[in-house]
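The structure under discussion appears below in the form of structure tokens.
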Amino acid sequence: MFLGVFLGTLLIANLADRIGRKKVFIIALLVYAIASGIMAFQHHPFSIVFWRIVSGIGVGAELVTIDALCSEFIPARLRGRSYAFVQAIQYTSIPTIAFLSWQSYPQEIPSPERLRKRRAVSARCWCDPAHGLPESPRWLVEQGRYKEAERGTQTRSARG
């Protein structure tokens, strides 16, 4: 997975500038969710590793995209704390999940049905919050879509 995260952060950052951060974020979530679902059906170790790398590419793309989105959506006075929070989540999530998995995972191999259910719940938790994510106003301006950028900025300003 770490190789996939590395490749995702390295290769996807420029794509977000070209096609939009929201699109890349949604695509990255789908790549992660679909690759994780496919991985649940694999029986050969090499296939599992391959799909772990593919899901890692999705996670890596999410990491770079969320940093860009934070810089554009968070007010300047809160940006430092928001970055610190995002980074804390990113850097502590992998060891935390590894520890919790080690503690909660049964010693015997779980059934394929149980693995599928775990992946489905994981994918659902990741995809639901992204549904209402607005496109980056900065990217919209770069694309010449000024009215959409203005509308998105006014909507967020009206909310708080």
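Go through (1) over 16 Å from the mean Cα position of the chain (by Cα); (2) at pLDDT 75 or above; (3) farther than 30 Å from residue 145 by Cα for residue 80 and report which single condition fails.
The number of the failed condition is (3).
Among (1) touching a helix residue (DSSP H, G or I) at 6+ places or on another chain (Cβ under 9 Å); (2) under 28 Å from residue 149 (Cα atoms); (3) surrounded by fewer than 17 Cβ atoms within 10 Å (Cβ to Cβ), where does residue 14 come up short?
(1)
Please pick out the residue among 31, 49, 24 that is on the phi < 0 side of the Ramachandran plot and surrounded by fewer than 16 Cβ atoms within 10 Å (Cβ to Cβ).
On inspection, the qualifying residue turns out to be 49.
If I go through segment 52-77 residue by residue, how many of them are surrounded by fewer than 17 Cβ atoms within 10 Å (Cβ to Cβ) and basic (Lys, Arg)?
Count: 1.
Can you give me the ranges of the helices (runs of 4 or more DSSP H) entirely in segment 1-98 with at least 2 residues that are under 16 Å from residue 136 (Cα atoms) and free of Cβ contacts under 8 Å to residues at least 12 places away in the same chain?
In segment 1-98, 2-19 are the helices (runs of 4 or more DSSP H) which contain 2 or more residues that are under 16 Å from residue 136 (Cα atoms) and free of Cβ contacts under 8 Å to residues at least 12 places away in the same chain.
The values are calculated or read from the model by the stated rules, or taken from the named source; none is laboratory data. All values reported here derive from a predicted model rather than from experimental measurement. FYI the Cβ positions are ideal-geometry reconstructions off the backbone, even for glycines, and counts take in every protein chain you see.
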